[in-house]
1. What does the extension gain come out to for Q334 and A293, with contour length at 0.36 nm per residue minus their alpha carbon separation?
2. For L8, what accessible surface area do you get with a 1.4 Å probe? Give it in Å², rounded to 10.
3. Output the Cα-based Rg and Dmax of the chain in Å, rounding Rg to one decimal and Dmax to a whole number.
4. Only helical DSSP H runs with n ≥ 4 go in: add -39500 (n - 2.57) per run for the chain, normalise by residue count and round the 222 nm mean residue ellipticity to 500 deg cm²/dmol.
5. Note down the magnitude of the dipole of the range 254-329 about its Cα centre, charges +1 on Lys and Arg C-beta and -1 on Asp and Glu C-beta and zero elsewhere, to the nearest 20 debye.
6. List the lysines whose Cα lies under 27 Å from the Cα of K26, skipping any in the same chain that are fewer than 8 positions away.
7. Send over a whole-number figure in Å² for the accessible area per residue of the range 28-114, probe 1.4 Å.
8. In the range 207-335, how does Rg compare with the Kirkwood Rh, expressed as the Rg/Rh ratio over alpha carbon atoms?
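The values are calculated or read from the model by the stated rules, or taken from the named source; none is laboratory data. Note that the structure is a prediction, hence the values are computed from the model and not measured. Note that we place each Cβ from the backbone using ideal geometry, even for glycine, and neighbour counts take in every protein chain shown. Heavy atoms of the whole protein, side chains included, go into the accessibility calculation; ligands, DNA and RNA do not. Shrake-Rupley method; radii C 1.70, N 1.55, O 1.52, S 1.80 Å.
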Amino acid sequence: MVPGPRNLITDVPGLLVGNAQDDALKSGATVLSAEAPFMASVHVMGGAPGTRETDLLAPDKSVARIDALVLSGGSAYGLDACSGVSDALRAAGRGYRIADAVIPIVPGAIIFDLLNGGDKDWADNPYRALGRAAFDAAGRDFALGTTGAGTGALTAMLKGGLGSASLVLPDGTTVGALVAANPMGSVTTPGDRHFWAAPFEIDGEFGGLGPDPSGGLGRQLESRKIRMMSAQAQDRANTTIAIVATDADLTKAQCQRMAVAAHDGIARATVPAHSPGDGDLVFSVSTGARPMAAPERDLTLLGHAAALCLARAIARAIYLARPAPGDLLPCWHQA
């Protein structure tokens, strides 16, 4: 398995990603869309998720394909980014059709970034406009780090961000991941240099320092983020939300199984992960372009590749974060 030409989720043919952010707000939105409706499911392992329309993605629910997925900052306010995407899709005549009605299907999830030092004193919810702007900006190339839904993200010790990575399997199938990394846990070992995901790094994509040579890691959980926020916010100011995608032809149940496996990537890149105060969630997408020769064997490999991509994407998000006025935490390059 090798990274695709962009090392982005958009190496999966047909997928597009757009970002929009407000630097004063220190928040933004990221939208994944496609040239045609796509199969999707979801798996939630965090204790504090914030979501929209995720029930539709269960394997037993009737809507099979969706039109876009949204990752957003803003906590509950950020769910309105999905409405902005729905507006754009409706204007384009895209959505689920029932007689003369057109209903865009746009699930989404949010991170909590309301206490990150940005100006949150808005009169009107800004996220609907951010969602539409992100959809309008969608393309195959997009920025990582302090952008889109990762603009105001924070990890325990460093700035978080938006990350992506891809792998092309031996048979030509492509798998990719996209993540807004804002976890309660750390993505680096003590000292802030070595990434927990280092064993999975390819070609120095997040610094090439390799694994931390120290032993006995993980027994002490330090957090600058907790020290910077009030005690009231400590248990809820987190979450890693992600999308993994493939061009393999998956059913909705198989998509859900890939999402379950991909959560291993969060646990490999973040310590601790899936806490009661995180809303850790993974959407899984299939464009359906490539039939699977041996579904059970192929699905195992797809889940493994998705976890590898997600671990690498989380590390890339933090590695590529850049400083901005009013930051509460340093970037990796400043640590």
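1. Full extension from Q334 to A293 adds 10.0 nm.
2. 10
3. 18.3, 63
4. The helix contribution divided over the chain gives -6500 deg cm²/dmol.
5. Approximately 260 debye in magnitude.
6. K120, K159, K225
7. Normalised by residue count, the accessible surface of the range 28-114 is 39 Å².
8. Using Cα coordinates only, the ratio equals 1.04.
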